[in-house]
Amino acid sequence: MITIPSLTAEGLAVDSEVPVAALPAADRFALLMLSTMPWGPRLLSKIKITEGPASDSPCWLCGVAYDAGRAKIRIGRDQAGVRRRVTVYVAAWEALNGPVPAGLMLDHEVCSNPSCCNPNHLAPKSNRANTRRRHMSTKRPNQYGFVGAARHPRGKAWQARITVSDTVGKARTLSLRGWPTPSVAGLVYWLVAKAVYGDDFYDHPRPEVTPDEEAEVRAYLIKRLPSILSKPWADDVPGLVSGLTQLLADVTEVELAA
C-alpha cells in the first residue's frame with residue numbers, strides 16, 4: 001500500500017475539503033506524481049479537492065484560464081519546440097500515465113465532470129465511446145416513462161430530440177417533428193438513437209405504440225432521414241451515416257411489405 005503521510009508538509013499547497021491523509025492511496029500517489037512535474041506545483045496551487053459523485057475518490061477542480069468551460073495550462077514543448085497548451089486533466093493524466101494513446105480522448109468516466117482533473121477519474125476512449133457513455137449517463141425516462149421525448153416549444157405536441165457529437169466534440173441536435181403522444185416521440189428517439197449508437201449503447205425498452213402510429217413513424221423516417229444524411233456535417237459524426245442508412249433501408253423494407 002502506498003502511503004504519503006507528510007504530503008502537505010512537503011510544500012504541496014493543496015486546497016482540500018477532504019483531509020489529504022484521508023484521500024485514497026491512488027489519489028495521493030497521483031498528487032505526488034503531479035508535484036514532480038516542472039509545472040506541477042503551479043497547477044497544484046490552483047486545485048481544490050472537493051467531494052464528488054464518487055464516494056471513495058474526490059474531484060480535483062482547477063481554477064486557471066478557461067477555454068470552453070475547461071481549464072487549460074501550458075506544459076512542456078511539442079516536437080517543433082512550441083509550448084503545449086492542454087486541458088488540466090490531460091496534463092494530470094500525462095503526469096501519472098504518460099501521453100494519451102493516439103486516436104483516443106480522455107473521458108471523465110467516474111465523475112462526468114469536465115472541470116475535474118483527478119487522473120483516477122479519467123479513462124482513454126474513442127470519441128464514439130465517450131459520446132455514448134455521456135449520452136447514456138444523462139438520458140433517463142421522463143415523467144411519462146419515455147426517453148428522448150420532450151414537449152415541442154411552440155405547442156402541445158411532442159418531439160424527439162437527439163444530440164450527437166462530431167469527431168472534434170461539437171454537439172449537433174436533431175429535432176424530429178411534433179408527435180401527438182410521448183410514446184410515439186419516444187419510439188422515434190429509440191429507433192434513431194439505436195441506429196446511431198448501436199445495440200451495445202441503447203438498452204432502454206422499445207416504446208409500445210399502435211400499428212397506425214408505427215406506420216406513421218415509418219413514413220416520417222423514410223421522408224426525413226435522407227435530409228439528415230445530406231447534412232454537410234453528417235460524415236463527421238461517428239456512426240451517423242452507416243446507422244441511419246441501415247435504418248432507412250429497414251423501415252423502407254417493412255413499409256413496402258406492409
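Pairs are defined by a Cβ separation below 7 Å, a sequence spacing of at least 6 or placement on different chains, a first member in the stretch 230-249 that is surrounded by fewer than 18 Cβ atoms within 10 Å (Cβ to Cβ), and a second member that is acidic (D, E); the pairs so defined are W233/D166; D236/D166; V241/D235. Within the stretch 26-40, none of the residues are within 29 Å of the chain's Cα centre (by Cα), modelled with pLDDT under 80 and assigned by TED's automatic domain parsing to the domain that holds C111. Close Cβ contacts (under 7 Å, 6 or more residues apart or on different chains) running from residues in the stretch 100-120 that are in the same structural domain as V88 (by TED's automatic domain parsing) to residues that are among the hydrophobic types (A, V, I, L, M, F, W, C) and assigned to a loop (DSSP other than H, G, I, E, B) comprise L106/V100; L106/L122; D107/L122; H108/L122; E109/L122; V110/A54; C111/A54.
When V192, V147 are checked against the criterion of being at pLDDT below 75, aliphatic (A, V, I, L, M) and touching a helix residue (DSSP H, G or I) at 6+ places or on another chain (Cβ under 8 Å), a single residue qualifies: V147. Could you tell me whether R206 is in contact (Cβ under 8 Å) with a residue 12 or more places away in the chain and surrounded by fewer than 16 Cβ atoms within 10 Å (Cβ to Cβ)? So R206 passes the test.
The values are calculated or read from the model by the stated rules, or taken from the named source; none is laboratory data. All of these numbers come straight from a predicted model, not from anything done at the bench. Cβ sites come from the backbone with ideal geometry, for glycine too, and all protein chains shown count toward neighbours.
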